[in-house]
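The values are calculated or read from the model by the stated rules, or taken from the named source; none is laboratory data. All of these numbers come straight from a predicted model, not from anything done at the bench. Please note: Cβ atoms are built from the backbone with ideal geometry, for glycine as well, and neighbour counts cover all protein chains shown.
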Amino acid sequence: MNLIPKNQLKLYGLNDYIDNLISLYQKNLLPNKILLSGSKGIGKCTLSYHFINYVFSKNEDYSYDINNYTIIDKNKSYKLIQNGSHPNFSLIDIDFEKKNIDINQIRELIKVLNKSSFKNEPKFILIDNIEYLNLNSVNALLKILEEPNEDTYFILINNNKQILPTIKSRCLDFKISLSNSQSTIISNQLLGEKISNLIHSDYLDYYFTPGFVLNLIEFSKINLINIKEVNLDDFLKKIINENLYKKKDSSKYVIYYLIELFLKRKTNLDINNYYFEFIHKINNVNKFNLDEESFFIDLETKVING
C-alpha cells in the first residue's frame, strides 16, 4: 500500500486545486509563500508534489500529464525527488523519532537557499506538518519567509491546526477540502475495493480522509488487528493494553484521531468534563512532549472503562 505522498503518481479529487495553481503559475501570479490548509490525509502534500512536478518537468521528457493528473515515473525530476537529490527542491518534515521540526533543519535549509538555483530554474521548498515547528524553528523560518529569494516558492502544509499568526500572515492561504462522498470515492479508488468491505463502520465519521483510511488499514495490518470485525472500543483497548501508542511512526495521528472520534460518540459522558479535557490533553501531549503513558492510562480509567 502506497502511503508516501511523493510516490503517488495519480492525483485524486483535487483536480480543481492543481488547475488553479497551474493557472496562477502560467500567468506569473503564483504567490511565493503558499499555505495549504485542510484535514490531515486529504492529499495536500500529494497535491504539492504534483504541482512541483508540473513546474520542473515542463521542459523535460515525460512531462506532467495534466489531462490525467498523473506524474510519469520515467520523468527525470520525479526520479531526482524520489532519491532526494533534486538541486532545486527541499523538503522539511517532522522526524518521528523527535517531537518537533527543530532549528537545525531550518539552518540546513538556509544554507541551501544561499546557493544559486540550478540552471536558473525555480526553487521549491515544501514544509509538511508545520504544526510541529518549535518556537526557535518558527523564528528562523520567519526570517527567510520575510524576503524570499527571487523565483523561490514556499509551500507550507497546515493540517487544520493552530499555527502562529506571524506565519499565516506571510502566506496566501489555500483552503483544501473534500466532501464525505469525495473521500469515499477516492478511498475506494486507492484501495481498489469499497472501504465498507474492509473497515468497521465505527471508524468512519463524516470527516474521515483517504489518508486516514490508508494509514488505519496499514496500522491494523502491522499490528494484526481485524478492523472489519473489531469495533472502536476494543481497538483502543488493544492499543493501550499492548502499548501500541509508543511506536514512533506516522500512524500516531491515526490513534489520536480515533480517540477524538471515540470521545465524540460517548454521548453518556459529561461533554464538558471529558471531551474537552482529553482534547486539551492530546494537544499538550503532542505540543509539549508530555508523558503519553499517563495520558493513555487516564483515558482508559476515566473513559474507556469508566
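Summary table below
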{"item": "The range 177-199, residues that are touching a Phe, Trp or Tyr at 6+ places or on another chain (Cβ under 6 Å) and of a type in the set (A, V, I, L, M)", "result": "I186"}
{"item": "Members of the range 71-90 that are assigned to a helix (DSSP H, G or I) and hydroxyl-bearing (S, T, Y)", "result": "S77, Y78"}
{"item": "Unique match (being within 19 Å of G13 (Cβ to Cβ), in the same structural domain as L11 (by TED's automatic domain parsing) and acidic (D, E)) among D65, D102, D73, D93", "result": "D65"}
{"item": "Near pairs, Cβ below 7 angstrom, 6+ apart or cross-chain, from the range 21-42 (touching a residue at least 60 places away in the same chain (Cβ under 8 Å) and within 18 Å of V55 (Cα to Cα)) to any residue that is of a type in the set (K, R) and crowded, with 21+ Cβ neighbours inside 10 Å", "result": "L36/K44"}
{"item": "Of residues in the range 37-61 being charged (D, E, K, R) and in a loop (DSSP other than H, G, I, E, B), the one surrounded by the fewest Cβ atoms within 10 Å (Cβ to Cβ)", "result": "D61"}
{"item": "Criterion (of a type outside the set (V, I, T) and assigned to a loop (DSSP other than H, G, I, E, B)) met by exactly one of N68, N20", "result": "N68"}
{"item": "Residue match in the range 231-252 (condition: of a type in the set (G, A, S) and touching a residue at least 60 places away in the same chain (Cβ under 8 Å))", "result": "yes"}
{"item": "Residues (within 19 Å of the chain's Cα centre (by Cα) and at pLDDT below 75) located in the range 248-282", "result": "K248, D249, S250, S251, I282"}
{"item": "Total residues in the range 193-217, condition surrounded by fewer than 17 Cβ atoms within 10 Å (Cβ to Cβ) and either in the same structural domain as E146 (by TED's automatic domain parsing) or of a type in the set (D, E, K, R) (or both)", "result": "3"}
{"item": "Residue within the range 188-205 that is under 19 Å from the mean Cα position of the chain (by Cα) and either modelled with pLDDT of 95 or more or among the β-branched types (V, I, T) (or both) present", "result": "no"}
{"item": "Residues of the range 52-70 satisfying the condition of being under 16 Å from K123 (Cβ atoms), among the aromatic types (F, W, Y) and touching a residue at least 40 places away in the same chain (Cβ under 8 Å)", "result": "F56"}
